[in-house]
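Structure first, commentary second.
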Amino acid sequence: MKKFLTIFKVEYAQVVKKKSFVIGIILTPLFMLLITLLPAFLAKRDISTPVKYAVIDLDERGIGGQLTKALERYKLDSDTARQAYDLVELYEFEDSERERLDSLRTELDSLVRSKELGQYVVIYPGVEQNDSVLMISKSLNIRTTSRYDNRISDILSGMRLEESNINLPVDSVLQMTRRIDMQRQAPGGKSRDFLTIYFGALIFVMIIFISVISFGQVLMRSVIEEKSSRVMEVLVSSVSPFQLMMGKILGLGAANLTQVGIWVLIGLGLFVFQGALNIDVPETVGEIIFNPVLVIFFILFLLLAYIMYSAMFALIGAVVSTDKEAQNFIFPITMSLMLPVFTLMYIVQEPDSAISTIVSLIPIFTPTMMVARLNIALPDAFTFTNPIILEATIGLLLSAAFTLGLIWITARIFRMGILMYGKRATVPEIMNWIRHK
């Protein structure tokens, strides 16, 4: 029993006496609180700046005008004197003017893509009978869509009741007051399915997360094991510490790409041979898989995320001596990679909001956040006139610059830390390693 207590005390003391344990005690609840409250906070956020919109009314009964008046009831949370939805133009003409409608929609699609217009609504003739109302927007904001649905449904219910007799059975009244099921499209006439967009973004984010975490931890444990077995001393006698670090990072990176490549090939195979396998894959899935802009950016951000986070794991492996010490440093890295998962519902609804844009330009969040936003926007071509392409390129350059700086710092710490085993590295010592020439 005495030996057991001795071992227990030693193991316990090795963990709790370290500053990393204290840091973990503080950071873990903060991160848990963040991931619990942040999604709820973002979900409750209302429109902070007026959203510009337009209405195309082909019905000739003034439904578009009634809709614009009905939307005036919504005000900004930050300024209740200002309307949440700012009407740019109400277009009223006959459905027979099809050529004019097509050219107008092309013009408005361009404004939506460039963020000059939040959304526009097309009201077709006979709408009270066939629910033929279409909303075109880049985002799938549930609150905004619900508001449009409710207001148009109220207008159409009133029209049906005015045209009816008073003495009607209950079923007829319910039929006249039924809610409208407004269709949603992206600019260019592409149908948008919320679940496809949501899970498409989630899958891309999870591929990056799994690749980075699994191979990054392998790299970190490899460094720790070689330090503890003194193999590192033999290795650095033959190669420079920088060559050793980059060799490990890029070697595991090649294995990472091999794994992701196999996943991609399996996914492509299932999609191409879906008929023979009796698998029903939605057309929108093909638009995501075969979108060249999204695929190219995904590969670039995957590579960048792996190198960036592998440098962090290599740094941790060089500084600590055991897996126990490393665990408290791994948690913040894991949470930074998982941030898009916790906020994905908000990102899908508001991909171009100030919060989504700013966070996606912070280098440690850029790979996952930007891939999620690209999946939602799904750009057709590589052109800087499209804001998401410009933002993704800026994010790529910022992340690349950050990664180069991180590699430089990691290399300087790595060359000293890999030879130090059994001694806890303090912050002043690490700073001296960075400055040491």
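The values are calculated or read from the model by the stated rules, or taken from the named source; none is laboratory data. As the structure is a prediction and not an experimental result, all values here were calculated from the model. Quick reminder, even Gly has a Cβ in these numbers, built from the backbone with ideal geometry, and neighbours come from all protein chains shown.
Among the residues of the stretch 86-102, which ones are hydroxyl-bearing (Ser, Thr, Tyr) and modelled with pLDDT of 85 or more?
The answer is Tyr91, and nothing else.
Name every residue in the stretch 358-385 that is surrounded by fewer than 18 Cβ atoms within 10 Å (Cβ to Cβ) and of a type in the set (S, T, N, Q), in order of residue number.
Those that are surrounded by fewer than 18 Cβ atoms within 10 Å (Cβ to Cβ) and of a type in the set (S, T, N, Q): Thr383, Thr385.
Take the residues of the stretch 55-74 that are among the charged types (D, E, K, R) and assigned to a loop (DSSP other than H, G, I, E, B): which is nearest to Met135 (Cα to Cα)?
Asp59
The rows are residues; the columns are (1) farther than 19 Å from Val212 by Cβ; (2) of a type in the set (A, V, I, L, M); (3) in a helix (DSSP H, G or I); (4) assigned by TED's automatic domain parsing to the domain that holds Ala305.
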site	(1), (2), (3), (4)
Ser321	yes, no, no, yes
Ile330	no, yes, yes, yes
Asp352	yes, no, no, yes
Thr385	yes, no, no, yes
Leu396	no, yes, yes, yes
Trp408	yes, no, yes, yes
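When the residues of the stretch 276-325 are filtered to those that are β-branched (Val, Ile, Thr) and over 18 Å from Ala377 (Cα atoms), which remaining residue is modelled with the highest pLDDT?
My answer is Ile307.
Looking only at residues that are at pLDDT 85 or above and of a type in the set (S, T, N, Q) in the stretch 387-416, which one is surrounded by the most Cβ atoms within 10 Å (Cβ to Cβ)?
Restricting to residues being at pLDDT 85 or above and of a type in the set (S, T, N, Q), the top hit is Ser399.
What single numbered condition from (1) at pLDDT 85 or above; (2) surrounded by 17 or more Cβ atoms within 10 Å (Cβ to Cβ); (3) in a helix (DSSP H, G or I) fails to hold for Thr343?
(1)
Taking the stretch 108-143, which residues are in a loop (DSSP other than H, G, I, E, B), at pLDDT 80 or above and not acidic (Asp, Glu)?
Result: Ser114, Lys115, Leu117, Gly118, Tyr124, Pro125.
Looking at the stretch 92-106, is at least one residue over 21 Å from Arg73 (Cα atoms) and part of a strand (DSSP E or B)?
Within the stretch 92-106, one or more residues are over 21 Å from Arg73 (Cα atoms) and part of a strand (DSSP E or B).
Considering Ser211, Ser146, which residue is modelled with pLDDT of 75 or more, among the small types (Gly, Ala, Ser), closer than 19 Å to Met345 by Cβ and out of contact with any Cys (no Cβ under 9 Å at 6 or more places or on another chain)?
Ser146
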